[in-house]
Amino acid sequence: MEFIVEKIGMSRTISVPSTPVTLLRIVKAKVCQVNEKGSALVAYSGNKQKNKAIAGQQKKYNLSAEFNTFATLEKVANTEAGDLDISSLEAAKLFQITFKSKGRGFSGLIKRHGFAGGPAAHGSRFHRTGGSIGNREWPGRVQKGRKMAGHYGNETTSVRNSFVSFDASSGILAVKGSVSGANGALGRARIVK
């Protein structure tokens, strides 16, 4: 089963020793249609955008104005249209959670790849740069795969996290360990086991 989740943030359990957990809120979603393979088209409240295409989909599936974003989930417990069934969460043991990592823009070598850099004083003139990047006469070019400054972050990342707890009344799921992405970001949680 797959769900759309919103990252709340990190916390820890009160037990001794305490366990670091990430809190995820299950986003309220409506199943519009279910395919034969178990995948489904779902609608949820995602953005403030309004256009004729969204209005047409809302009219087609009898949805209120708050359900203005549509997505396809690989597998759902529902067999027909209606509210997304979240009863399978309490029996889950392992999740695969997918989010977009925080974007860091164009980053240098030290931030992006963890290079050490040079000494800070005594006129070294080698501080946060990459240093030499090429060879001599042969092959006379920069080798492929060279670690350089560039775009860093804003990539889809998936991690596997163990189930810790689920509160059905508030829809908050706690999973062991960290999950990439900013607080408030939307991602997906899929039950693996």
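What follows draws every value from the coordinates through simple rules; no lab data is involved. Just so it is clear, the structure is predicted and the values come from calculations on it, not from any experiment. Counting neighbours? That spans all protein chains shown, and the Cβs are built from the backbone with ideal geometry, glycine included.
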May I ask you to sort Phe95, Phe106, Phe70 by Cβ crowding, counting other Cβ atoms within 10 Å and putting the fewest first?
-> Phe106, Phe70, Phe95
Within the set of other residues whose C-beta is less than 12 Å from the C-beta of Glu2, count the net charge using Lys and Arg as +1 and Asp and Glu as -1.
-> +1
Distance in Å, no decimals, from the C-alpha centre of segment 130-193 to the one of segment 63-118 is 12
Yeah, segment 32-115 with a ≥ b ≥ c from its alpha-carbon gyration tensor (a/c under 1.5 is rounded, else prolate when a/b outruns b/c, oblate otherwise) is oblate
Once phi is turned into ³J(HN,Hα) by the Karplus curve 6.51 cos²θ - 1.76 cosθ + 1.60 with θ = phi - 60°, what whole-Hz value does each residue of segment 66-71 show in order, with x for glycine and proline?
-> 5, 8, 10, 10, 10, 8
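Note down the net charge around Ser165, summing +1 for each Lys or Arg and -1 for each Asp or Glu among other residues with Cβ under 14 Å from its Cβ.
Here the count lands on +2.
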Just one of (1) 18.5; (2) 19.5; (3) 13.8 is mean projected area of the Cα convex hull in nm² as worked out from the coordinates here. Which one is it?
-> (1)
Among Arg104, Arg146, Arg136, residue whose mean-square fluctuation peaks in a GNM of the chain (springs only between Cα atoms under 10 Å) = Arg136
Please list, or write none, the lysines whose alpha carbon is within less than 30 Å of the alpha carbon of Lys193, excluding same-chain residues fewer than 8 places away.
-> Lys7, Lys28, Lys30, Lys37, Lys75, Lys93, Lys100, Lys102, Lys176
Report the extension gain between Thr13 and Ser178 in nm, rounded to one decimal, defined as 0.36 nm multiplied by the number of residues separating them, less their alpha carbon distance.
-> 58.0 nm
Charge context of Gly38, other residues only, Cβ under 14 angstrom, K/R +1, D/E -1 | -2
Per-residue Cβ neighbour rank within 10 angstrom, fewest leading, Glu137, Glu80 = Glu137, Glu80
